[in-house]
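Below is one structure, written out as structure tokens; the observations come after it.
The values are calculated or read from the model by the stated rules, or taken from the named source; none is laboratory data. This is a predicted model, so every value here is computed, not measured. Glycine gets a Cβ as well: all are built from the backbone with ideal geometry, and neighbour counts include every protein chain shown.
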Amino acid sequence: MKIIRCKDIINLLSDFYDNEIDNEIETLFWEHIEECKRCLSLVHNFEKTLELYHSFKPIKLEPQMKREFHRWLHIEIKKITIKKYKYKK
């Protein structure tokens, strides 16, 4: 039988909520969640984030605003990636 670790739960979250994991993995997923408070909290936070996201109404951005947002997002992602890389060393 396969073993599921905390990092596997993180990697499986999206697939789980999109119903894209097989039954065996889903069973292991839930077994881990029942035993691990940290992952249970992660799942609850993910659910709340999804609920919040789906509660928003889409907005239409003007082209200039959209470009500025994408530029800002790119910079933020870069910062996070660099920060994450520094801590791995």
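Taking the condition within 21 Å of SER14 (Cα to Cα), modelled with pLDDT under 90 and not assigned by TED's automatic domain parsing to the domain that holds ASP15, does ILE77 pass? Yes, satisfied. Scanning the stretch 54-77 for residues that are exposed (fewer than 10 other Cβ atoms within 10 Å of the Cβ) and over 24 Å from the mean Cα position of the chain (by Cα) yields LYS60, GLU62, PRO63, GLN64. Could you list all residues from the stretch 1-59 that are of a type in the set (Val, Ile, Thr) and assigned to a helix (DSSP H, G or I)? Selection gives ILE9, ILE10, ILE25, THR27, ILE33, VAL43, THR49.
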